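The values are calculated or read from the model by the stated rules, or taken from the named source; none is laboratory data. Keep in mind it's a predicted model, so treat the numbers as computed, not measured. As a convention, Cβ positions derive from the backbone with ideal geometry for all residues, glycine included, and neighbour counts pool all protein chains shown.
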Amino acid sequence: GGGRYSSPQCVNFGGIGDSCRPYGTEPFNTTVGYPNGYSVALTDVYYVMCVCASGLVCERGSSTC
């Protein structure tokens, strides 16, 4: 999620019928920080939603893999 102080989590790439984002799906690097001074460097992550699994595409009309 993109909320303040949210916790990063790992999820599988989207399968057939899963929701997806038809745009803005390039992985990026970032560092997230927390009020206690702890920070985590994240590499090659997707924001909010992962891309579809290999061999699938995100359909723009339905936003599903």
Filtering region 15-30 down to residues that are of a type in the set (Val, Ile, Thr) and at pLDDT 90 or above yields 16
Answer with yes or no whether residue 11 is in a strand (DSSP E or B) and touching a residue at least 24 places away in the same chain (Cβ under 8 Å).
-> no
Subset of region 5-37 that is hydrophobic (A, V, I, L, M, F, W, C) and more than 14 Å from the chain's Cα centre (by Cα) - its residue that is nearest to residue 60 (Cα to Cα) | 16
Flagged in region 33-65 as surrounded by 12 or more Cβ atoms within 10 Å (Cβ to Cβ) and either in contact with a His (Cβ under 8 Å, 6 or more places away or on another chain) or more than 24 Å from residue 14 (Cα to Cα) (or both), in numbering order, are 34
Can you give me the number of residues within region 21-63 that are in a loop (DSSP other than H, G, I, E, B) and of a type in the set (Ser, Thr, Tyr)?
-> 9
